[in-house]
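Encoded as structure tokens, the structure appears first; notes follow it.
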Amino acid sequence: MSTPTNPRIEPFKAPTGTRDVLPPESDRWQALIALFAGHVRRAGYGLVQSPMFEEIGVFSRVGEGTDLVRKEMYDFLDKGERHIALRPEGTASIARAWIQHAQGEAKPWKVWYAAPSFRYERPQAGRFRQHHQLGAEAIGSEDPDLDVEVIAMLHDFYVSLGLKQVTLLINSMGTADDRRRYIEDVRAWLNERLDTLDPKDAEKVVDHPMRVLDSKRPVTIAAIADAPRITDRLSPEAAERFERVKSGLTTLGIDFTVEPRLVRGLDYYTHTTFEFVSDALDAAQSTIGGGGRYDGLIESLGGPSTPGIGFGSGIERVLLTCDAEGVFPAPTSTTDVFIVDTTGGTAARDFTIELRRAGISAERAFDGRSMKSQMKSADKSGAAFVCIIGDDEAAAGTVTIRDLRGDTGQEAVDRSTAAAALAARLS
């Protein structure tokens, strides 16, 4: 028996940790991004699209020793032997873009983004190797009221989605000097308790003690319950600044909890840090957004000493939270009119495009399907109206408009005025 010369090819699948976002789910993504864009535009933030990859130094300088840099970045040598990394988070790219293009712009420079990020980690609910973030950054002002604005902007976005089981956690990392002194205190405290930590966290104590405070491992969480708190070690300047932020949030009616162990995962944070966590999700995956002030980041990337603050919020995680609370459903059909043509398809082709040019969302069937089949498609489309063009309509130069969702019945209108008649009904 001969071996087939053209064996069946095994179908390709999306890589592990990635997924295809298809309609109608993608309609929900678009609605989410549009809602976010409206919120940030009202606050003066403009869209930035930065490259999906950068020189690896853009990212490695923001978190030396972090899992993000050591284990999770997708990095490679390109054909020019340049060491490149796929973007693991949004802030560093925006900071690089400001240094390169926007130092002369009015301050603060306010921008937002909606972009994919890449991290090699174990895929799980709401966490993918390619995930997508909404984010905003404000560069060039150290005013604590800007911190309040940024936090309020993300808070109000979550409220607009209908989310109710979300808690805001805030902390202050103090000045750079406060942070350095605190790191030494924490290192000394942890060194006396190494045997009480999870072994993977114990390894971090010498070089990165702050990472231990950020641990999600139960053994470590229990062991560090009484760890030194940076809020007890803030300089007078930093403490006054933090009070201004808390006062501003209170005045705006935004509830919060001060969480002294909230240190976030990257080295560039100073002063205000914050996270929004959902009580509707599993505790290990409960963070749906967060950020903070990064007054040393731009200088570490080769720019002038310049303050900044921003946040990121994962689209997948936010929608998972919406599902858990039963809010922000997928939008209903965007089709206004479905054209049913039993005269060969030419009339449907021309009338559909005419309606779209008039600003009306219109669809049609293809491949010469029967009247019954086309009507089924019209119903499934969610269209408010169906326009029927049969032999009688073609001969009379008319279109029959039938109300699919209401009680206005149907009527025949002149073909030349059909678009206007539909627009009037839809308005």
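The values are calculated or read from the model by the stated rules, or taken from the named source; none is laboratory data. Everything numeric in this text was worked out from a predicted model, so none of it was measured. Reconstructed Cβ throughout: ideal geometry from the backbone, glycine too, with neighbour counts over all protein chains shown.
General observations
- Residue check for Glu325: of a type outside the set (Ser, Thr, Tyr) and either surrounded by fewer than 20 Cβ atoms within 10 Å (Cβ to Cβ) or closer than 21 Å to Thr272 by Cβ (or both): yes
- Criterion violated by Arg349 - all others in (1) closer than 30 Å to Ala95 by Cβ; (2) not in a strand (DSSP E or B) satisfied: (1)
- Annotation note: Cβ proximity below 7 Å between a residue of region 215-236 that is farther than 25 Å from Thr175 by Cβ and a residue that is surrounded by 13 or more Cβ atoms within 10 Å (Cβ to Cβ) and among the polar types (S, T, N, Q) (sequence gap 6+ or interchain) occurs for Ile221/Ser215; Ala223/Thr196.
Listed here are the residues, each with its yes/no results for (1) surrounded by fewer than 21 Cβ atoms within 10 Å (Cβ to Cβ); (2) in contact (Cβ under 8 Å) with a residue 60 or more places away in the chain.
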| residue | (1), (2) |
| --- | --- |
| Gln285 | yes, yes |
| Arg293 | no, yes |
| Arg317 | no, yes |
| Ser333 | yes, no |
| Phe351 | no, yes |
| Arg356 | yes, no |
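- Being of a type in the set (A, V, I, L, M, F, W, C), modelled with pLDDT of 95 or more and on the phi < 0 side of the Ramachandran plot is a property that holds for Phe385.
Yes/no per residue for (1) in the same structural domain as Val277 (by TED's automatic domain parsing); (2) surrounded by fewer than 20 Cβ atoms within 10 Å (Cβ to Cβ); (3) over 20 Å from the mean Cα position of the chain (by Cα); (4) over 20 Å from Tyr269 (Cα atoms):
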{"site": "His83", "(1), (2), (3), (4)": "yes, yes, yes, yes"}
{"site": "Arg87", "(1), (2), (3), (4)": "yes, no, no, no"}
{"site": "Ala92", "(1), (2), (3), (4)": "yes, no, no, no"}
{"site": "Ile99", "(1), (2), (3), (4)": "yes, yes, yes, no"}
{"site": "Ala102", "(1), (2), (3), (4)": "yes, yes, yes, yes"}
{"site": "Glu105", "(1), (2), (3), (4)": "yes, yes, yes, yes"}
{"site": "Trp112", "(1), (2), (3), (4)": "yes, no, no, no"}
{"site": "Pro116", "(1), (2), (3), (4)": "yes, yes, no, yes"}
{"site": "Pro144", "(1), (2), (3), (4)": "yes, no, yes, no"}
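Results for (1) under 18 Å from Tyr294 (Cβ atoms); (2) in contact with a Leu (Cβ under 9 Å, 6 or more places away or on another chain); (3) at pLDDT 95 or above; (4) assigned to a loop (DSSP other than H, G, I, E, B), shown as yes or no for each residue.
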| site | (1), (2), (3), (4) |
| --- | --- |
| Gly57 | yes, yes, no, no |
| Leu68 | yes, yes, no, no |
| Glu89 | yes, yes, no, yes |
| Ile94 | yes, no, yes, no |
| Lys110 | yes, no, yes, no |
| Ala114 | no, yes, yes, no |
| Tyr120 | no, no, no, yes |
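- Residue count for region 396-409 satisfying the condition of being surrounded by fewer than 16 Cβ atoms within 10 Å (Cβ to Cβ), under 44 Å from the mean Cα position of the chain (by Cα) and closer than 17 Å to Val340 by Cβ: 3.
- Selection count where residues are touching a strand residue (DSSP E or B) at 6+ places or on another chain (Cβ under 9 Å) and among the hydroxyl-bearing types (Ser, Thr, Tyr), scope region 327-384: 7
- All conditions in (1) at pLDDT below 95; (2) surrounded by 15 or more Cβ atoms within 10 Å (Cβ to Cβ); (3) of a type outside the set (Val, Ile, Thr) hold for Pro24, with the sole exception of (2).
- Residue count for region 405-423, restricted to those that are under 19 Å from Met375 (Cα atoms) and among the hydroxyl-bearing types (Ser, Thr, Tyr): 1
The rows are residues; the columns are (1) among the polar types (S, T, N, Q); (2) closer than 28 Å to Gly314 by Cβ.
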| position | (1), (2) |
| --- | --- |
| Asp226 | no, no |
| Ser235 | yes, no |
| Val245 | no, yes |
| Leu249 | no, yes |
| Val258 | no, yes |
| Leu262 | no, yes |
| Asp279 | no, yes |
| Ala283 | no, yes |
| Ser300 | yes, yes |
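- Total residues in region 381-395, condition in contact (Cβ under 8 Å) with a residue 40 or more places away in the chain, over 11 Å from Asp336 (Cα atoms) and of a type outside the set (Asp, Glu): 4
- Hey, Ala34 in a helix (DSSP H, G or I) and surrounded by fewer than 16 Cβ atoms within 10 Å (Cβ to Cβ) or not: yes
- Residues that are of a type in the set (Gly, Ala, Ser), over 11 Å from Leu404 (Cα atoms), surrounded by 13 or more Cβ atoms within 10 Å (Cβ to Cβ) and in contact (Cβ under 8 Å) with a residue 24 or more places away in the chain within region 366-380 comprise just one, Ser377.
- Every pair of residues 6+ apart whose Cβ atoms lie under 9 Å, when the first sits in region 15-32 and is of a type in the set (A, V, I, L, M) while the second is assigned to a loop (DSSP other than H, G, I, E, B): Ala31/Phe328; Ala31/Ala330; Ala31/Pro331; Leu32/Phe328
- Applying the criterion of being outside any helix (DSSP H, G or I) and of a type in the set (Lys, Arg) to the residues of region 158-208, the residue that is surrounded by the fewest Cβ atoms within 10 Å (Cβ to Cβ) is Lys164.
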